[in-house]
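First the structure, in the form of structure tokens, and then the observations on it.
Since every read-out is calculated from the coordinates, none of them should be taken as a lab result. Bear in mind the structure is a predicted one, so any value in this text is a computation, not a measurement. We place every Cβ from the backbone using ideal geometry, glycine too, and count neighbours over all the protein chains shown.
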Amino acid sequence: MSAVFVKSKLYSCEEKRRIYEDLVDFVKSGCKFEAFTVELYRGITKMFGHVAVLKRDEFHKIWFGTMKDVLEWLEKAKTDANVKAPNESLSDVESEFILWLQSVEGEEYANAFERIDISIRKEEVELRALGRLVAKYPSATKNFLATADVPF
């Protein structure tokens, strides 16, 4: 990585590099909680307009709990970057992350999240339709439901 991070009042250059790398790894993981490190949590709550008022697990659930949440957060990250000087904030980490999001690799992850979100919403619609059909035709679906793994 060729990014150069500036030491700030709260973070060394190396700490900023780790936060940036953790953030990219977190997105690459699909924004899974296991990849939401304590160091990343402490950094991200000072970036992109966030304020640390929640526990790490609560913060993750609110901002990354669903694919829709992830997509909304990625859009927020692109527009809510800190404008303070890098020696006073994590604005250089934010700027570098936005550049990564706009790169081919970052775009591929964002597009994959969007496809997953569309698939999930499509499946939810299909399950609701199936539920209506089962309610409408209970005798015809009785044998089917006895052998199928239907989540309702």
Rotationally averaged projected area of the chain (alpha carbon convex hull; nm²): 11.3 nm²
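Dipole magnitude of region 13-147 about its Cα centre, charges +1 at Lys/Arg Cβ and -1 at Asp/Glu Cβ only, in debye to the nearest 20? Kindly include the intermediate steps, with their values, before the conclusion.
Details: 21 positive and 25 negative charges, 181 e Å.
Approximately 880 debye in magnitude.
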Net +/- balance of residues flanking Ala77 in space, Cβ distance below 12 Å, scoring K and R +1, D and E -1: -3
Nearest-ten-degree value, helix 91-102 long axis tilted from longest Cα axis of the chain: 40 degrees
Within a Gaussian network of the chain (alpha carbon springs, distance under 10 Å), most fluctuating of Arg56, Arg132, Arg115: Arg132
Positive-end extreme of charge dipole, the chain - chosen from Phe36, Leu133, Ala112 (charges on Cβ): Leu133
Listed residue pairs exceeding 30 Å between alpha carbons, taken from Lys16/Lys76; Lys28/Lys122; Lys28/Lys55; Lys9/Lys68; Lys61/Lys142: Lys9/Lys68; Lys61/Lys142
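Run the numbers for Lys28 and Lys9: contour at 0.36 nm per residue of separation, minus the present Cα-Cα distance, in nm.
On the way: separation 19, 0.36 × 19 = 6.84 nm, distance 2.92 nm.
Length gained, Lys28 through Lys9: 3.9 nm.
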Overall form of region 1-52 per C-alpha gyration tensor (a/c, 1.5; a/b vs b/c): oblate
